[in-house]
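Report on one structure; see the data block that follows.
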Amino acid sequence: MNNNLRIYLIKLARNRQTVAYGHAMADFNMDVAYPEQREIFEDMIGDISGFESENGRPMLFVGNAQR
């Protein structure tokens, strides 16, 4: 699991802020225009969502990439 992304999302949630999918990817040096990078990012989000769910916490990310 990418703990840096998890911390990033937790900080946003604590501040009641949102971020667009593409902007979040860009903050981690990824580009939504590249399918392989979207897939990696989606896997990272999935890992975090699974971890949070297993620990009885709400989702930190909702959305999808524009394709």
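What follows is calculated from the coordinates using simple rules that are stated; it is not laboratory data. Just so you know, these numbers come straight off a predicted model, no measurement behind them. Here the Cβ positions follow ideal geometry from the backbone for every residue, glycine too, while neighbour counts run over all protein chains shown.
If the condition is being surrounded by 12 or more Cβ atoms within 10 Å (Cβ to Cβ), small (Gly, Ala, Ser) and closer than 16 Å to residue 1 by Cβ, then segment 44-64 contributes 46, 49. Please go through segment 1-43 and pick out each residue that is touching a residue at least 12 places away in the same chain (Cβ under 8 Å), within 18 Å of residue 58 (Cα to Cα) and either of a type in the set (Asp, Glu) or assigned to a loop (DSSP other than H, G, I, E, B) (or both). Hits for segment 1-43 are 1, 2, 42.
Looking only at residues in segment 24-43 that are touching a helix residue (DSSP H, G or I) at 6+ places or on another chain (Cβ under 9 Å), aliphatic (A, V, I, L, M) and surrounded by fewer than 20 Cβ atoms within 10 Å (Cβ to Cβ), which one is nearest to residue 2 (Cα to Cα)? So the residue we want is 30.
Taking the criterion of being of a type in the set (Phe, Trp, Tyr) and within 9 Å of the chain's Cα centre (by Cα), the residues of segment 1-28 that qualify are 8, 21.
Of all the listed residues (49, 53), the sole one being under 10 Å from the mean Cα position of the chain (by Cα) and of a type in the set (Ser, Thr, Tyr) is 49.
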